[in-house]
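Have a look at the structure below, then the notes.
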Amino acid sequence: MAGSGKSPRTISADQAAALVKSGMWLDYACGISQPDVFDAALASRIPELHDVKIRACLTVRPRLAIEADPDGQHVHYFNWHFSGYDRKLHDQGRCNYLPLNLGETPDYYRRFIDPPDILIIKACPPDENGFFNFSATNMWHRALVERSRIVIVETTPNYPYVHGDQNAVHTSEIDFIIEGDGLTPTELKNPAAGDVDRAVARFIANEIDDGACLQIGIGGMPNAVCSLLMDSHIPNMGVHTEMLTDGIVDLYRAGKISGSAKRLNPGKVTFTFAMGSQTTFDTLHNNTDFHCTPVDYTNSPHIIMQNDKVISINNTTKVDLQGQAASESDGHRHISGTGGQLQFVRGAYASKGGKSFICLSSTYERKGVRQSRIVLDLNPGTIVTTPRSDVMYVVTEYGITNLKGKSVAERARALIALAHPDFREGLERQAYESGAIPKGFSGRT
């Protein structure tokens, strides 16, 4: 839609920001692709604008255009998946979540969303064929380029050049180019794994076989699995994942990832976006072993299932005794997003020999009071990310259970066994009082 087939004009950030009019929809793309010099220039114009709407995802640096409007009178922020910064904005009433399965986003832009007025996206400088590489974040960027009325590229020479599919925009599709600030990608380092993380990881690692194809989510527990696999004797693992994490890159650097058993993209580490340390970004640079694709390829269950032995590992915050996993909100407080969790749970189940794991610590602390993550009922307003009908394995530091084929009463008993010992008696009493476990029930445990 954008681009005229002619050479794009190179303009200053201030000139680019001057294109913004009141009432426009802007798109800041996702993660490390969000613009910085444009954002700073737009911030200086915010007081003179009204009803400017910015759509984005996984913000990794403060957005100056939002910070310039602390009362939310001029600009509104919409987000597909929250980072910690986005969550803070939401808590202040300044960011609104857009519900979806993340792998469906390209289709949303092509079918349901009016064309953005302006797309502003960071990309590498053009190669010899006139392509501006999207670097380590592909996601729905091609759909954005196709649909946006004006496309502005903010060049960034210190981002890694990443191989993949549809991971670039051609000069003929661009309206304006801004020279970027030369920053390296923002690092997102995973917290060190604790004893609980390692205990959960041991249960999961025991379920991973030769030829497994890994999807690893963000957080200490999934990455603790990677640490354990470093010392395993599994020689032939592959990767088809949404997010590329430091843990996966560490496995690759240790020679544990061959991808030879994959049916799709054999020999390649397939992903749609990367967040991690500078080591991860350095490993990606011009490395043909890595294959960065649109999110509707990495996350669609009918594609995921085509690899055998898919292993999907994701965190959750709470699981009720029915087996519902709540991974994105605490009551009405939004925390993150659905992301790719449900799609990978379904894709792994449909994969030949596939397994999905929902992992969590048994307890958490709030205001100094320890509380159980295994509960009879989810708090009012809490969003169910993965329905009970989809959940397969649930894992805490106290054990692992497969809920497939279990009745409600059997599920309740199995999940109570995964709770912290201090909460099991209370949960069992609640289960009987609510009828989740009928009186006199003698089914298997």
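Observations on the model:
- Flagged links, alpha-carbon separation over 18 Å, of LYS262/LYS352; LYS262/LYS355; LYS309/LYS355; LYS262/LYS309; LYS352/LYS404; LYS122/LYS189: LYS122/LYS189
- Each of ILE234 and LYS88 was given a label point 7 Å from its Cα along the Cα-to-Cβ line. The distance between the two points is 3.6 nm.
- Farthest positive-ward along the chain dipole, Cα basis, beta-carbon charges - from ILE400, ILE216, THR279: ILE400
- Mean-position separation - Cα centroids, the stretch 374-404 and the stretch 98-153, in angstrom: 34
- Antiparallel %, DSSP beta bridges [both residues in the stretch 313-445], to 5: 60
- Under 14 Å, Cβ to Cβ, from THR317 - net charge with Lys/Arg +1 and Asp/Glu -1: +1
- In plain terms, the chain from ASP195 to LYS404 could stretch by 72.4 nm, reckoned as 0.36 nm per residue minus the Cα-Cα distance.
- Taking every DSSP helix (H) stretch of at least 4 residues in the chain, weighting each as -39,500 (n - 2.57) and dividing the sum by the residue count yields a mean residue ellipticity at 222 nm of -7000 deg cm²/dmol.
- As a ratio to 2.2 N^0.38 Å, the alpha-carbon radius of gyration for the stretch 176-301 is 1.09.
- Efficiency of FRET from Cβ geometry, SER442 and HIS50, R₀ 45 Å, rounded to 0.05: 0.10
- Compared with the rule-of-thumb size 2.2 N^0.38 Å for a compact globular protein, the stretch 26-180 has a Cα radius of gyration ratio of 1.00.
- Fraction of beta bridges assigned by DSSP in the chain that are antiparallel (%, nearest 5): 25
- Packing here is the average count of other Cβ atoms within 10 Å per residue, and on that basis the peptides 224-235, 309-320, highest first, run 309-320, 224-235.
- As a rough footprinting exposure proxy, the listed residues MET305, MET221 were ranked by other beta carbons within 10 Å of their own, and the order from fewest upward is MET305, MET221.
- Going from the residue with the fewest nearby Cβ atoms within 10 Å to the one with the most, CYS57, CYS124 rank CYS124, CYS57.
- Debye intensity ratio in log₁₀ form over the Cα atoms of the chain, taken at each q of 0.13 Å⁻¹: -1.14
- Applying the criteria of a DSSP loop state and at most 13 other Cβ atoms within 10 Å to the GluC sites (Glu not before Pro) of the stretch 53-129 yields GLU128.
- By the beta carbon rule, with partners counted only under 4.7 Å, the chain holds these lone Cys residues: CYS95, CYS124, CYS213, CYS226, CYS292, CYS359.
- Charged-residue dipole, Cβ positions (Lys, Arg, Asp, Glu), the chain about Cα centre, Debye nearest 20: 1340
- Here r is the Cβ-Cβ distance between SER7 and SER389 and R0 is 45 Å; the resulting FRET efficiency, rounded to 0.05, is 0.25.
- Relative exposure of ILE383, ILE216, ILE204, judged by other C-beta atoms within 10 Å (fewest first): ILE383, ILE204, ILE216
- Between SER260 and ARG149, the FRET efficiency from the beta-carbon distance, with R0 = 41 Å, is close to 0.35.
- Multiplying the residue separation of HIS302 and TYR108 by 0.36 nm and removing their Cα-Cα distance gives an extension gain of 68.0 nm.
A short reminder: the numbers here are calculations on the coordinates, not readings from a lab. Owing to the predicted nature of the structure, the values given are computational and were not obtained by experimental measurement. In this analysis, Cβ positions are derived from the backbone assuming ideal geometry, glycine residues included, and neighbour counts consider all displayed protein chains.
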